[in-house]
Structures are given as C-alpha cells and as structure tokens.
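One structure is given below, encoded as structure tokens.
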Amino acid sequence: GAGVSQSPRYKVAKRGQDVALRCDPISGHVSLFWYQQALGQGPEFLTYFQNEAQLDKSGLPSDRFFAERPEGSVSTLKIQRTQQEDSAVYLCASSLQATEAFFGQGTRLTVV
Amino acid sequence: RKEVEQDPGPFNVPEGATVAFNCTYSNSASQSFFWYRQDCRKEPKLLMSVYSSGNEDGRFTAQLNRASQYISLLIRDSKLSDSATYLCVACVWGQNFVFGPGTRLSVLP
C-alpha cells in the first residue's frame, strides 16, 4: 500500500478483554515503531523493530503488552487483560533507517 | 525529566504573525531531528527535517544548535491553516524516535 495502514481504526474493549492491533508498514521499510498517545500528550514510545527483531521494548508499560513482527513486515500489538488506563490512541510508524517516520492513522482504544 | 521538552502552549497568534517554537533534547547522542505537525484526531505528519546548517521551506525555518541541544521552528506570515500541534523529535540512528509533548498553535482571524 501507499502508506502505513492500521486496523481496526476504533476498538472498544471491556475491562479484562484481550485486544490485538495490527500495523501494515510501508513496503520495504525496515524499522517499525509503536507509540501510545494519550489525549493532549505527545506520542510515547512503546517498542521498536528492525525487520523481525524487536530491538527495544523498554516503553511497554507492563507485561500485559506484547508486540511481534514475525516476518519483518506486518506487526501486531497485543494487550492482555485491558484496563481503563490503556485507553489511548496507538500509533504505528515505519521508516527507512534514520530517515523520517511515517505514521498510520492509529487505533483509538477505549476500555470500558 | 523528559528526554525532549517543549512549551505546550497554547500559542494564540493573529494571522500574519511570526511565531517561534523551541525544543530542547537531553540525549547528546541524538543525530537526527524533525518537526512533525499533528492536527486534531489525526496522525503526526512530517513538517520538516532539521539540519545543523539550518533549513528553510517556504514560511518555515528550522534551526539546530547542537552545543545547546536546542531546536527551533519559526513560522512566518502564519495562516489559519497552520493551527495544529507541533511535535519536536530527536532520534539516535538505529533507535527510536523520541517525541516531545507538542506545542499547540492557534492562528486567529
């Protein structure tokens, strides 16, 4: 595709439910990033892949958060046992090495 | 202390005004710098990269001061359509992009 694609665009989850958020990066982009953005805040780093290798997961807030990119292309961010504080927009971005990052439109997660 | 800091604003300026945003970063290993623009409920989009020599793109000028670890963005002759949040970004090659909290700009008629 022409840009970064994320699905679903919106997700409402009941507290305690597991969710999976998908990201299709720009074809050929080696680097893939996940960010969490709360209302009125800048994007906060969650995790970073270079191809299929997860090089940095220091931003994942708890062990309920898990990300994978098994074939170095599509990535999934999974949140287990969702809690209300997980409500945010989850942004995925892809990049060639050290050049600008292109963002998807994000998944707006609301935990009720 | 956040790794990238910005004044959150809001900056309310009249059309045609010149406005400047500042940003500081704490990681001296940062090598690439960017300004992103984010409209309400939209994803961030690249406005411009920031080079050591400074760079200009139409009404927008970006400057980098490595010694002071400081980045700036100047918008001249501001338009209503410039109203948005401006995000400062620092990146160490091979690592993640670190975003500031953003500066909100409202250009008023």
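The values are calculated or read from the model by the stated rules, or taken from the named source; none is laboratory data. Since the model is a prediction, treat every value here as computed from it, not as a measurement. Cβ: placed from backbone, ideal geometry, glycine included. Neighbour counts: every protein chain shown. Note: areas computed on protein heavy atoms with side chains; ligands, DNA, RNA excluded. Shrake-Rupley method; radii C 1.70, N 1.55, O 1.52, S 1.80 Å.
Could you tell me whether the stretch B:52-64 includes any residue that is surrounded by 19 or more Cβ atoms within 10 Å (Cβ to Cβ), among the aromatic types (Phe, Trp, Tyr) and assigned to a strand (DSSP E or B)? The answer is no; no qualifying residue exists. Within the stretch B:8-34, the set of residues being surrounded by 15 or more Cβ atoms within 10 Å (Cβ to Cβ), within 14 Å of chain A (Cβ to nearest Cβ) and not polar (S, T, N, Q) comprises B:8, B:9, B:21, B:23, B:25, B:33, B:34. Among residues of the stretch A:89-110 being more than 9 Å from every other protein chain (Cβ to nearest Cβ) and open to solvent by 10 Å² or more (accessible area, probe 1.4 Å), the one that is farthest from residue A:36 (Cα to Cα) is A:96.
On the stretch given as the stretch B:83-109, residues that are closer than 12 Å to residue B:35 by Cβ and not in a strand (DSSP E or B) total 2. If you filter the stretch A:6-62 down to residues that are open to solvent by 80 Å² or more (accessible area, probe 1.4 Å), outside any strand (DSSP E or B) and within 20 Å of residue A:101 (Cα to Cα), you find that the one that is farthest from the other protein chains (Cβ to nearest Cβ) is A:27. Taking the residues in the stretch B:69-99 that are open to solvent by 70 Å² or more (accessible area, probe 1.4 Å) and without any contact (Cβ under 8 Å) to a residue 40 or more places away in the chain as candidates, determine which candidate is nearest to the other protein chains (Cβ to nearest Cβ). Here the answer is B:95. Can we say residue B:30 is part of a strand (DSSP E or B) and in contact with a strand residue (DSSP E or B) (Cβ under 8 Å, 6 or more places away or on another chain)? No: the conditions fail for residue B:30.
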